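Encoded as C-alpha cells, the structure appears first; notes follow it.
All of the numbers you see were taken from the coordinates with simple rules; none came from a lab. In this text the structure is predicted, and so the values were computed from the model without any measurement. Don't worry about glycine lacking a Cβ; one is built from the backbone with ideal geometry, like all the others, and counts go over all protein chains shown.
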Amino acid sequence: MSAAHTTFVIERRFKAARARVFNAWADPKLKNAWRSCHEDWRSQGYTLDFRVGGEEREDVVEPSGTVHGFAARYRDIVADERIVYTYDMRLDGRLISVSLVTVTFEDSGAGTKMLFTEQLVILNGLCDAAEREEGTGVGLDRLVAVLDAN
C-alpha cells in the first residue's frame, strides 16, 4: 500500500475576459464542451452543482469497458477570481487518487491568465502523475479553443 504525492501547475492564457473564462467552469453546457480529454470515452451521466458544497460527478467508459469515476466537491468559489475543489478518481470502483485543485483567474492585457494547481496523491501506484497532468492539459487546451473560437 503506497501513497505518492505530487503537485503540478498549468497556465493557460485566453483572449476572453476573466468573467467569461470563470463562467466556462460554472455553466454545465459550456463545461461539457471542453472538460473531456478522451473523445472515444462514453459518459454514463454528468452532473454539475457549481456552488460551495456542491458536487460534480461523472462516470466514463473506455472502449475496452473500463469505468473511470470522477467525484468532486466545491470548497471555495469567489466569482471571477478563484475556485477550490477536491476530487477523487476511481477505476472500476477502486479508489486510485485524491486531489486538491485551485484555479485562479487574473486579468492579462485584454484577456485572462488562468492558473490550475493540482495537489495529487496517487494511491497504490494505480495511476500515473504525468498522464494525469497531460490529460488535464488536453482538457484545458480544449477550454482555450472553445473560448477563443467565439
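If you run the Gaussian network model on the chain, springs between alpha carbon atoms under 10 Å, then out of THR47, THR112, THR136 the most flexible one is THR47. Using a Förster radius of 35 Å, what is the FRET efficiency between THR66 and ALA145 based on their Cβ-Cβ separation? Nearest 0.05, please. It comes out at approximately 0.85. The slack between GLU131 and ARG51, meaning 0.36 nm per residue of separation minus the straight C-alpha distance, is 25.9 nm. Here the range 3-149 is treated as a Stokes sphere of Kirkwood radius computed over C-alpha pairs; at 37 °C and 0.692 mPa s its diffusion coefficient rounds to 209 µm²/s. The helix-based estimate of mean residue ellipticity at 222 nm for the chain, built from -39,500 (n - 2.57) per DSSP H run of four or more residues and divided by its residue count, is -7000 deg cm²/dmol to the nearest 500. Distance from the alpha carbon centroid of the range 5-22 to that of the range 87-102 works out to 21 angstrom.
Estimated from the Cβ-Cβ distance and a Förster radius of 25 angstrom, the FRET efficiency linking VAL78 and PHE8 is about 0.65. Between ARG42 and ASN124, the FRET efficiency estimated from the beta carbon spacing at R0 = 35 angstrom works out to 0.85. Taking a sphere under 11 Å around the Cβ of GLY53 and counting the other residues whose Cβ falls inside, with K and R at +1 and D and E at -1, yields a net charge of 0.
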